[in-house]
Amino acid sequence: MTAPPFFAYAHRLIPREPGSKDNLGPFVNVVTWILLITSALAVLTRLITKRALRRTIDIDDVFVIAALVGILFASYPSL
């Protein structure tokens with residue numbers, strides 16, 4: 001008898017009823033949006049400060065903006 005692969009145990013579904021104490025969806029959604037808004041404000045502050053001091057936007061700023069846009073697209077299903 002062979003044991004099933006590890007991922008067979010890691011990806012089993014957990015039944016949760018809407019409104020039950022085991023349903024963490026709304027809590028995770030709120031935490032996700034709070035952290036997303038906080039990171040967006042940090043990026044905006046960084047860009048405004050760099051623009052005011054040096055008047056240039058560098059390649060590292062482009063990567064930060066791309067990461068923020070990626071996070072926005074990744075969190076889109078939770079709208």
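Just a few scattered comments:
- Rough spin-label spacing in nm, given labels placed 7 Å along Cα→Cβ, for Ile57 and Ala42: 2.0
- Virtual spin-label span in nm between Asn23 and Ala66, 7 Å along Cα→Cβ: 4.0
- Cα-based Rg of the stretch 24-78 normalised by 2.2 N^0.38 Å, two decimals: 1.34
Only the coordinates and a few stated rules stand behind these numbers; no lab work does. This one's a predicted model, so the numbers in the text were calculated from it and none came from an experiment. Note that each Cβ is placed from the backbone with ideal geometry, even for glycine, and that neighbours are counted across all protein chains shown.
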